[in-house]
Amino acid sequence: MYSRLFILSFLLSSLINVYGSESDVFQLTDDDFESSISEFDTALVMFYAPWCGHCKRLKPDFEKAASILNKNDPPIYLVKVDCTESGKSTCSNFDVSGYPTLKIFRLGKVVKEYNGPRNADGIVKYMKSQVGPGSKKLSSLLDFTKWFAKEEVTVVGFFKKDSDLKKAFLNVADKLREKVSFAHTEEDEVLNDQKVESEAVKLFRPKVFSNKFESNVIDYSGGSAQFDLENFIKENYHGLVGHRTTDNAGDFKSPLVVAYYGVDYVKNPKGTNYWRNRILKVAKNYQGKYNFAISAKDDFQHELNDFGFDYVASDKPLVTVKDDKQKYVMKDEFSIEAFEKFMNDLAAGNLTPYLKSEDIPADNSAPVKVAVAKNFDDVVTDNGKDTLVEFYAPWCGHCKKLTPIYDELAEKLKNENVAIVKMDATANDVPAGFDVRGFPTLYWLPKDNKSKPVRYEGGRELEDFIKYIASRATDELKGYDRNGKPKAASDKDEL
């Protein structure tokens, strides 16, 4: 123990020398990484490059999180390694190929990749979940009171003895520890304070989310099945109108109604709740039918782009809806009355879905046909032909490399019953059934079964495409046999 404290003290002194002032992030190099990291019970290591923009953006949050986590009980240490200079060998040893790469270490060994949030509060919460039990034991009423000093949703179990519910609670706490804060108590003074006679599980929402439309405390009324308790937490965690961030966006399921505006619970909680309360007033009438959330417009500009908004100047919320198949936008300026009418029309099916689309080309006679969202059915789904469609992005280097090959393919097959199509997936909504996550993404659609597109996984040379299409074409091609070999002129004449 003495040697460990001595090493930690020495490392902290070294940081003061490096930065000129005390820092809570340990900077390690090839010379001291192995010996030092083994002294940390739990550590989060950031492998970085000084020129990396993502690393620069992460740095202040990383340092802020470090200042909190090194005071944790037990302490959690944050470390960084420069992969371009003093830490090249260390980064190579841990297969670092991109920046920043974050890994969690325990006593010198990598235990997992860090896949948590990249802001200070998120890092703190995620890393705290990595040490100790999934649920913190509260040993007094004072512990219970202190537990609620933090502004986050918490789930607390109250138990007088071991039981099936307690077992399920602790299992769920271990499973959800990275996203949810859990605590439990067996102290009579706490149970009496909370008016718990035997046992209970309660979900507590922080005061910052208080509103007159829903309770801050939700009592679990299910049985001792772990599945039921887990669902209770997931269904009630965010409340009627949740605060949706880039870190928790995956928690919110469709059909989802989102109000985008200047959401900021750190600098402007009062202003944030001013609009949230107005959204709540309408949302309470649609509980169970739609999910609702508020999001900071600056953090979700990419989503707003998908609804046709390059910039939102107004301070008032902009409301959008997305379900599994359709998107809708509230066109009127936000007010309670306008929002209520919008939701009524949505529920009644009286709204026209929003479709992000380029204009239909005036001339689409080139061998490669251009599909946009507005004409996709005509050009792809209902064209009566086998179809190969490429979803691309104008800035994509791989797409640009494919363009001359794709053009030549279309030219060679222009007299066949095969359509070669392309679609700019950044300027048009991609229809349901096509999973486009990178560029270019290609799909093959047989003319008699367009409902089941097949992802093209073949090569990207001309011969690869011809062989693929020739072997799968509904009707044998005029110019190529099933193996993709050109047919003799006489054979083509006979056809």
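What is the helix-to-structure angle for 226-236, meaning the angle in degrees between its Cα long axis and the longest Cα principal axis of the chain, kept from 0 to 90 and rounded to the nearest 10?
80 degrees
Leaving out ligands and nucleic acids, and using a 1.4 Å probe, what accessible area per residue does segment 154-261 come to in Å²? Please report the intermediate quantities before stating the final value.
Working: 5220 Å² over 108 residues.
That works out to 48 Å² per residue.
Using the Karplus curve 6.51 cos²θ - 1.76 cosθ + 1.60 with θ = phi - 60°, work out ³J(HN,Hα) for each residue of segment 249-256 in order, rounded to whole Hz, and write x for Gly and Pro.
Couplings: 4, x, 6, 9, 9, 7, x, 10 Hz.
In deg cm²/dmol and to the nearest 500, what is the mean residue ellipticity at 222 nm of the chain if only DSSP H runs of at least 4 residues count, each as -39500 (n - 2.57), divided by the residue total? Before the final figure, lay out the partial values.
Numbers: 15 runs with 159 residues, N = 495.
After summing the helix terms and dividing by residue count, I get -9500 deg cm²/dmol.
Could you tell me how many degrees, from 0 to 90 and to the nearest 10, lie between the Cα long axis of helix 2-19 and the main elongation axis, the longest principal axis, of the Cα atoms of the chain?
Helix 2-19 sits roughly 60 degrees off the main axis of the chain.
For segment 275-344, max minus min Cα coordinate along each principal axis, in Å, sorted largest first?
31, 28, 19
So which chymotrypsin sites (Phe, Trp or Tyr not before Pro) in segment 296-354 are both in a DSSP loop and have at most 10 other Cβ atoms within 10 Å of their Cβ? Write down the numbers at each step before the final one.
Numbers: sites: F300, F307, F309, Y311, Y328, F334, F339, F342, Y354; in loops: F300, F307, F309, Y311, F334, Y354.
Counting only loop positions with at most 10 other Cβ atoms within 10 Å, the chymotrypsin sites (Phe, Trp or Tyr not before Pro) in segment 296-354 are Y311.
Taking every pair of distinct Cα atoms and averaging 1/r, then inverting, what Kirkwood hydrodynamic radius in Å comes out for segment 170-261? If you can, show how the numbers build up before the last one.
On the way: mean 1/r = 0.0661 Å⁻¹.
Result for segment 170-261, one decimal place: 15.1 Å.
In sequence order, what are the phi-derived ³J(HN,Hα) couplings for segment 148-158 according to the Karplus relation 6.51 cos²θ - 1.76 cosθ + 1.60 with θ = phi - 60°, rounded to whole Hz, with x for glycine and proline?
The phi angles translate into 8, 6, 7, 8, 8, 5, 10, 10, 10, x, 10 Hz.
Give the lysines whose C-alpha is closer than 19 Å to that of K88, dropping any in the same chain fewer than 8 places away, or say none.
Leaving aside lysines fewer than 8 places away in the same chain, those within reach of K88 are K56, K80, K103, K109.
Of all the C-alpha pairs in the chain, what % are more than 43 Å from each other?
Details: 45533 of 122265 pairs.
It works out to 37 percent of all Cα pairs.
Taking only protein heavy atoms into account and a 1.4 Å probe, give the accessible area per residue of segment 327-452 in Å². All intermediate terms of the calculation are to be shown ahead of the outcome.
Working: 6490 Å² over 126 residues.
Heavy-atom SASA per residue in segment 327-452 reads 51 Å².
Taking the inverse of the average 1/r across all pairs of different Cα atoms in segment 426-482, what Kirkwood radius in Å do you get? Provide the component values of the computation, followed by the final result.
On the way: mean 1/r = 0.0775 Å⁻¹.
That comes to 12.9 Å for segment 426-482.
Carbon-plus-sulfur fraction of the accessible area of segment 54-196, 1.4 Å probe, in percent? Intermediate values should be presented prior to the final figure.
Numbers: 3440 of 7260 Å².
For segment 54-196, the apolar C and S fraction of the accessible surface comes to 47 percent.
Based on the mean of other beta carbon atoms within 10 Å per residue, what is the order of 359-367, 415-423, most packed first? Display every interim value, and only then the final one.
Numbers: 359-367: 10.8, 415-423: 21.0.
Listed from highest to lowest mean packing, they are 415-423, 359-367.
How big is the convex hull of the Cα atoms of segment 131-180, per residue, in Å³?
Working: hull volume 4.4 nm³, N = 50.
Normalising the Cα hull of segment 131-180 by residue number yields 87 Å³.
Going through segment 256-319, which trypsin sites (Lys or Arg not before Pro) have at most 13 other Cβ atoms within 10 Å and a DSSP loop state?
Details: sites: K267, K270, R276, R278, K281, K284, K289, K297; in loops: K267, K289, K297.
Taking segment 256-319 and a limit of 13 other Cβ atoms within 10 Å, the loop trypsin sites (Lys or Arg not before Pro) found are K267, K289.
Placing one identical point scatterer on every Cα of segment 397-495 and ignoring solvent, what is log10 I(q)/I(0) from the Debye formula at q = 0.21, 0.24 Å⁻¹?
For segment 397-495, the Cα-only Debye profile gives -1.20, -1.47.
About the Cα centre of segment 102-219, how large is the charge dipole given +1 on each Lys and Arg Cβ and -1 on each Asp and Glu Cβ? Please answer in debye to the nearest 20. The partial results should precede the final answer.
Working: 23 positive and 18 negative charges, 147 e Å.
Dipole of segment 102-219, to the nearest 20 debye: 700 debye.
Express in whole angstrom the spacing between the alpha-carbon centres of segment 401-477 and segment 340-374.
About 23 Å separates the Cα centre of segment 401-477 from the one of segment 340-374.
Just name one of G134, V379, V153: the one whose Cα is farthest towards the positive end of the charge dipole of the chain (beta-carbon charges, Lys/Arg +1, Asp/Glu -1).
About the Cα centre, the residue reaching furthest to the positive side is V153.
Got a number for carbon plus sulfur as a percent of segment 279-329's accessible area, 1.4 Å probe? Numbers along the way, then the final one.
Working: 1130 of 2740 Å².
Here it works out to 41 percent.
At q = 0.10 Å⁻¹, what log₁₀ I(q)/I(0) does segment 269-407 have when each alpha carbon counts as one equal point scatterer in the Debye sum?
-0.51
Dipole magnitude of segment 150-270 about its Cα centre, charges +1 at Lys/Arg Cβ and -1 at Asp/Glu Cβ only, in debye to the nearest 20? Please report the intermediate quantities before stating the final value.
Details: 18 positive and 21 negative charges, 109 e Å.
For segment 150-270, the charge dipole is close to 520 debye.
Taking amide hydrogens as modeled 1.01 Å from N in the peptide plane, which residues meet the under 5 Å criterion relative to K327, leaving out close sequence neighbours?
For K327, the qualifying residues are Y354.
Return the inverse of the average 1/r over all pairs of distinct C-alpha atoms in segment 372-432, which is the Kirkwood hydrodynamic radius, in Å to one decimal. Don't jump to the answer; show the numbers that get you there.
Values: mean 1/r = 0.0810 Å⁻¹.
The answer is 12.3 Å.
Please compare each pair in K202/K284; K253/K422; K412/K452 to a cut-off of 29 Å on the Cα-Cα distance and tell me which ones are over it.
Numbers: K202/K284 22 Å; K253/K422 31 Å; K412/K452 26 Å.
Pairs exceeding 29 Å: K253/K422.
Round to the nearest 10 and give me the degree value, 0 to 90, for the angle of helix 269-283's Cα axis relative to the longest principal axis of the chain.
60 degrees
What three numbers, in Å, describe the spread of the alpha carbons of segment 227-304 along their principal axes, ordered from the longest?
Largest to smallest, the principal-axis extents are 37, 26, 22 Å.
Charges at C-beta only: +1 for Lys and Arg, -1 for Asp and Glu. How large is the resulting dipole of the chain about its Cα centre, in Debye rounded to 20?
Details: 70 positive and 77 negative charges, 148 e Å.
Using Cβ point charges on Lys, Arg, Asp and Glu, the chain gives about 720 debye.
The values are calculated or read from the model by the stated rules, or taken from the named source; none is laboratory data. Remember, it's a predicted structure, so these values are computed and weren't measured experimentally. Counting neighbours? That spans all protein chains shown, and the Cβs are built from the backbone with ideal geometry, glycine included. Side chains included, ligands, DNA and RNA excluded: accessible areas come from the protein's heavy atoms. Shrake-Rupley method; radii C 1.70, N 1.55, O 1.52, S 1.80 Å.
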